[in-house]
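> This is the structure I want to talk about, given as structure tokens.
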Amino acid sequence: MKKVYGPVDSWRLDRSLGVDLIATEGRRCSFDCLYCQIQNVGEIRGERKEFVEIEELKHELERALERVGDQTDYVTLSGMGEPTLASNLEEGIDMIGEVTDKPRAILTNGSLFDLKEVREPLRSLDYVIAQLDAATDETFQRVNRPAGAISLDDIVQGYRKFSDGYEGKFALEVMFWKENVSEAEDIAELVNKTGADEVQINTPLRPGPVDPLSREELKSVRKYFEDIEHLDVMDVFEGKGKKSKTLDEKEIIKRGRPIK
């Protein structure tokens, strides 16, 4: 299987069956983050297009659920790049809902949240996990290295619009390491302004180009978020995934997720 992979033992989604709307050999993303564990870079782009046919994806998902459905907690849009770059995103979300009643999630960098045609389809998902790694546009440009004219302010404004009236769980993942840890307090203030329900404090523990923070260093960062009322806080060191059988270990490793 090339478009459906896992389940992945996730610290925030338990057993997550990945659905890849990009499914290319090299990474296709609107960011080129310094810490990204997928080093096979295909194209950094901000324009949307169709990468996979939904009918083919549907058949693959049905077969996958027959094999590992009982060991799946979430069906998650993720994979070889930024899933909202897929112009058939809405069609893909609807298809998953037709195939299974498993909770649906997405891992997104949030780069296209300023577009209504991206925000609105995501409202039908149960769990939206987006990204916020910087408090200033200067740091954002240096750390996330976005395509084209994507700005931090556009993303934050998009998050505000999305969170208003969204009935699922909206989480922001913040990846901390030496490049942005000094902005932790300011990032916490920005997270508070987005209307997010949850913050997921992360550091690059998977094999990649940058070194992670220690457990103690991440704990010192966490305090800035714990002071925010009505915001749930979790971090990668406290998360626990469930062990599950997988469809194809090579497809998991290809997407930068080591097999435990």
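Just so it is clear, none of the values below were taken in a lab; they were calculated from the coordinates. Keep in mind that what you see is a predicted model, and the values were worked out from it rather than measured. All Cβ positions, even for glycine, are placed from backbone atoms using ideal geometry, and neighbour counts span all protein chains on display.
> How large is log10 of I(q)/I(0) for the chain at q = 0.13, 0.15 Å⁻¹ when the intensity is taken from the Debye formula with one equal scatterer per alpha-carbon?
-0.79, -1.10
> How far apart, in nm, are two points set 7 Å out from the Cα along the Cα-to-Cβ line at I228 and at E167?
2.5 nm
> Taking the Cα of R63, stepping 7 Å toward and past its beta carbon, and measuring to each backbone N in the stretch 86-110: which are under 20 Å?
Within reach of a label on R63: 92, 95-100.
> In the chain, which helices (entire DSSP H runs) extend 18 Å or more along their own long axis, judged by Cα positions, while averaging at least -1.0 on the Kyte-Doolittle scale?
Counting only whole DSSP H runs, the qualifying helices are 54-68.
> Sorted by average packing, counted as other Cβ atoms within 10 angstrom per residue and highest first, what order do 224-233, 14-23 take?
By packing density, highest mean first, the sequence is 14-23, 224-233.
> Quick check on my link table: of K49/K169; K161/K223; K178/K219, which ones sit more than 19 Å apart, alpha carbon to alpha carbon?
With Cα atoms farther than 19 Å apart: K49/K169; K161/K223.
> Among the aspartates and glutamates, which fall within straight-line cross-link reach of K58, defined as a Cα-Cα distance under 16 Å, with same-chain neighbours fewer than 8 residues apart omitted?
D20, E50, E66, E90, E91, D94, E98, D101
> Let me ask another. Give me the dipole magnitude in Debye, nearest 20, for the stretch 13-254 about the Cα centre, with unit charges on the beta carbon: positive for Lys and Arg, negative for Asp and Glu.
Dipole size: approximately 600 debye.
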